[in-house]
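Colleague: Provided herewith is a single structure, encoded as structure tokens, for subsequent inquiry.
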């Protein structure tokens, strides 16, 4: 039994089952994207609830650094690409779990779920695969669904990844963000700003944001474009190619490159519209951040985006991948200060539904089910 009951008056009043120690597992060493940020915020939220949380990652890097700066314990365990090297890795996993103990392994990536699932079975510990990406992995998914104790998904769109295994019944828990609802900014009525936030990757399609801006730049001479984000380590040439393309444009001086930012609030405060032309999104934390800052979003209707943003309320959803319609929606919003303001207010109200508190409570409730050996397979 992996549950323990708290003692004392406060614990008796709450009567909430508590997990001994939660082992968060992520094979990435860097903060690759929103998944790592969501994991770090979840760790903070769990600790605030009195839970013991430990991070297991595959090596030193920015992810371990940020976790340690937040006061979390960090351990390293090998998670090489799945193959013969995995056999040696499992021996180290066995020794590590014996050293740090723990009641539950919560894996954040498919590779991490593989190692957590095998190590968990050998140590008689339940394991969770927290799936944040809707794209199927036909080689690994059939293994993971039988290896881990359960699957948690960040949206119904992501849960559809596992439709081939109807007995699995993945638990959908929408992401929660520790985002403060921003006050009303006095945005410059004479200047307008478009904003892109995210990795410069093929799936985020930042080049479409540039296409929209370049089409509207002549009509709106005071329009500027801001890019916030870093290069995709798997495709570093994308950002350099985009910069070369923009440098040759007569509008290049109106494009601003902010690079990666831990705090994007100043750019949201400046923005009039956020453009999100992703090919797919499991959830889309940029949506919630934008709404919290009262910025309407124009996005493609893909993945979990329609579960977060209501079309016509907090922004506009466009059928993928209609760039003409995307451009038209941005133009219409630029022409209407009143409509942008109305969507901004609706966004602030909507963002409150994605609180970190609600997310953490839902995760804890699911932990109790898993550790109570009531997981459905």
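Yes or no, residue by residue, for (1) over 26 Å from residue 232 (Cβ atoms); (2) outside any helix (DSSP H, G or I); (3) touching a strand residue (DSSP E or B) at 6+ places or on another chain (Cβ under 8 Å):
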| site | (1), (2), (3) |
| --- | --- |
| 257 | no, yes, yes |
| 262 | no, yes, no |
| 268 | no, no, yes |
| 286 | no, no, yes |
| 295 | no, yes, yes |
| 298 | no, yes, yes |
| 328 | yes, no, no |
| 342 | yes, no, no |
| 345 | yes, no, no |
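Colleague: What single numbered condition from (1) in contact with a strand residue (DSSP E or B) (Cβ under 8 Å, 6 or more places away or on another chain); (2) surrounded by 15 or more Cβ atoms within 10 Å (Cβ to Cβ); (3) farther than 25 Å from residue 305 by Cα fails to hold for residue 59?
Modeller: The failed condition is (2).
Colleague: Within the bounds of the stretch 317-335, is there any residue that is surrounded by fewer than 21 Cβ atoms within 10 Å (Cβ to Cβ), closer than 30 Å to residue 106 by Cβ and within 22 Å of the chain's Cα centre (by Cα)?
Modeller: Scanning the stretch 317-335, I find no residue that is surrounded by fewer than 21 Cβ atoms within 10 Å (Cβ to Cβ), closer than 30 Å to residue 106 by Cβ and within 22 Å of the chain's Cα centre (by Cα), so the answer is no.
Colleague: Follow-up. Taking the stated definitions as given, is residue 193 without any contact (Cβ under 8 Å) to a residue 12 or more places away in the chain and either more than 30 Å from residue 142 (Cα to Cα) or in a loop (DSSP other than H, G, I, E, B) (or both)?
Modeller: Against the criterion (without any contact (Cβ under 8 Å) to a residue 12 or more places away in the chain and either more than 30 Å from residue 142 (Cα to Cα) or in a loop (DSSP other than H, G, I, E, B) (or both)), residue 193 does not qualify.
Colleague: Given the structure, is residue 365 without any contact (Cβ under 8 Å) to a residue 24 or more places away in the chain, surrounded by fewer than 19 Cβ atoms within 10 Å (Cβ to Cβ), within 26 Å of the chain's Cα centre (by Cα) and not assigned by TED's automatic domain parsing to the domain that holds residue 273?
Modeller: yes
Colleague: Would you confirm, using the coordinates I've provided, whether residue 351 is touching a helix residue (DSSP H, G or I) at 6+ places or on another chain (Cβ under 9 Å), at pLDDT below 95 and under 22 Å from residue 132 (Cβ atoms)?
Modeller: Yes; evaluated as a whole, the condition is true for this residue.
Colleague: Modelled with pLDDT under 95, over 20 Å from residue 324 (Cα atoms) and either surrounded by fewer than 21 Cβ atoms within 10 Å (Cβ to Cβ) or out of contact with any strand residue (DSSP E or B) (no Cβ under 6 Å at 6 or more places or on another chain) (or both): is that true of residue 222 in this structure?
Modeller: So residue 222 does not fit the description; no.
Colleague: Here are some residues: 283, 227, 300. Which one is touching a helix residue (DSSP H, G or I) at 6+ places or on another chain (Cβ under 9 Å), modelled with pLDDT under 95 and surrounded by 21 or more Cβ atoms within 10 Å (Cβ to Cβ)?
Modeller: Within the list 283, 227, 300, the selection yields 283.
Colleague: Another question, if that's okay. Against the conditions (1) crowded, with 23+ Cβ neighbours inside 10 Å; (2) touching a helix residue (DSSP H, G or I) at 6+ places or on another chain (Cβ under 6 Å); (3) at pLDDT 95 or above; (4) not in a helix (DSSP H, G or I), where does residue 175 fall short? Just the number, please.
Modeller: Residue 175 satisfies all of (1) crowded, with 23+ Cβ neighbours inside 10 Å; (2) touching a helix residue (DSSP H, G or I) at 6+ places or on another chain (Cβ under 6 Å); (3) at pLDDT 95 or above; (4) not in a helix (DSSP H, G or I) except (3).
Colleague: Follow-up question, since we're still on this one. Kindly indicate the residue of the stretch 196-209 that is assigned to a helix (DSSP H, G or I) and farther than 21 Å from residue 340 by Cβ and also farthest from the chain's Cα centre (by Cα) among those meeting that condition.
Modeller: Applying the filter and picking the extreme gives 207.
The values are calculated or read from the model by the stated rules, or taken from the named source; none is laboratory data. Owing to the predicted nature of the structure, the values given are computational and were not obtained by experimental measurement. FYI the Cβ positions are ideal-geometry reconstructions off the backbone, even for glycines, and counts take in every protein chain you see.
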